[in-house]
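Q: Can you read through this structure? Questions will come right after.
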Amino acid sequence: MKKSYLFALVTALFAVPAFAQTTERVYEYDEYGKVGRSEGWARRFAHNFYDGLVGAEYYEVVDENGNKTQNKSDDRKNKKNSSKTYRYYGPGHTPDFYFGLNMLCTDQPPTLTPGFPQKTGKGFELGFAVGQWGYHMTKNIGINTALYLTRSRYWINNGQYLTTARNTSSDKKIVFSDDDIDGRIVKQGYLRYWSLRVPLCLEISSASSRGPFIAVGPELEFRFADVSKVDFVNQKKGEKYINGINVNPLGVNAVARIGINDFGIIARYSFTSLFLNDDPVQTYPFMIGLSTTF
């Protein structure tokens with residue numbers, strides 16, 4: 001049953017963009033770009049979804065009451081008509097890709113968590129935007145969001161790794177260990193997980209898309225596929241040791257971005273502990289890195 005649902009979801013994700021590319025758009029144009037689309041709900045949904053995937057941008061013309069106008073483009077070129085404004089839709093400076101250094105910190109970042117022996121400077125995160133959406137209230141102020149698929153990894157110091165220890169007859173607890181595994185010496189251990197992230201940022205930028213920008217806002221995160229992995233002495237490739245290391249599946253974070261044109265600096269701090277019930281330790285992910293749009 002789960003496989004059938006997954007197949008239907010994947011089919012829909014491919015079908016909607018395909019439908020969007022094969023259906024006709026009705027556009028008018030002025031000196032600002034594409035304006036005044038007139039489409040049915042199905043085409044409008046498909047085109048909006050496809051625009052989000054590829055990062056398309058467009059304008060709509062509205063009157064002083066916020067209603068869309070149907071005037072011809074020649075009329076809109078009359079700059080003396082001050083009752084018209086232009087709403088700008090697009091992802092703004094939302095990055096397509098970012099790469100950052102990860103640290104597991106106390107509630108005062110970037111102070112590392114004493115109870116988690118993270119190897120200094122050994123933690124990273126990379127993320128790709130699956131879809132991007134945005135709306136500009138003015139030329140300089142807008143709101144944007146995106147869906148990111150990200151991968152996070154943290155190395156553990158002194159040959160330690162995360163494993164399970166039986167606390168009672170039925171309860172298992174996540175603990176650190178440096179014991180040999182099946183007679184093999186552990187060189188180092190690390191944890192890895194994937195995430196889906198949805199930030200909602202208020203962006204302030206110059207009127208030019210090539211100018212400076214700053215954006216800040218909350219982010220929701222869903223973590224999955226968390227594993228403990230180990231590297232053995234005299235062995236090049238690491239091995240998965242156990243699946244499921246009690247990583248908290250839900251996270252609430254704060255995100256900030258600053259930059260110019262297509263490049264920027266991104267930082268994130270999580271307000272929720274990485275592990276459920278602080279097992280094995282209470283720690284909060286903090287990331288800082290570089291971002292870019294394509």
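What follows draws every value from the coordinates through simple rules; no lab data is involved. All values derive from a computational prediction rather than experimental measurement. Cβ placement follows ideal geometry from the backbone for every residue including glycine, while neighbour counts extend to all protein chains displayed.
Q: Spin-label point model (7 Å from Cα, Cβ direction): what's the residue 153 to residue 187 distance in nm?
A: Placing both labels 7 Å beyond Cα along the Cβ direction yields 1.3 nm.
Q: Return the distance in nm (one decimal) between the two label points of a simple spin-label model at residue 120 and residue 204, each offset 7 Å from Cα along Cα→Cβ.
A: 3.8
Q: Show me 173-180, 123-130 ranked by packing, highest mean number of other Cβ atoms within 10 Å first. Could you put the intermediate results ahead of the total?
A: Working: 173-180: 14.8, 123-130: 18.6.
Result, highest mean first: 123-130, 173-180.
Q: Return the loop-located trypsin sites (Lys or Arg not before Pro) in region 189-245 (DSSP other than H, G, I, E, B) with at most 13 other Cβ atoms within 10 Å of their own Cβ; answer none if there are none. Walk me through the numbers on the way to the answer.
A: On the way: sites: 192, 197, 210, 223, 229, 236, 237, 240; in loops: 210, 236, 237.
Passing both the DSSP loop test and the Cβ count: 210, 236, 237.
Q: Using only the Cα atoms of region 97-292, build the gyration tensor, take square roots of its eigenvalues as a ≥ b ≥ c, and label the shape rounded, prolate or oblate: rounded if a/c is under 1.5, else prolate if a/b is larger than b/c, else oblate.
A: Values: a/c = 2.64, a/b = 2.17, b/c = 1.22.
Since a/c reaches 1.5 and a/b is larger than b/c, the shape of region 97-292 is classed as prolate.
Q: Using a simple spin-label model with points 7 Å from Cα along the Cα→Cβ vector, what separation in nm is obtained for residue 179 and residue 281?
A: 2.0
Q: Quick one: what does P(r) look like for region 112-168 with 5 Å bins over all Cα pairs, in whole %?
A: Result returned by the calculation: 4, 13, 13, 13, 12, 11, 11, 9, 7, 5, 2, 1, 0.
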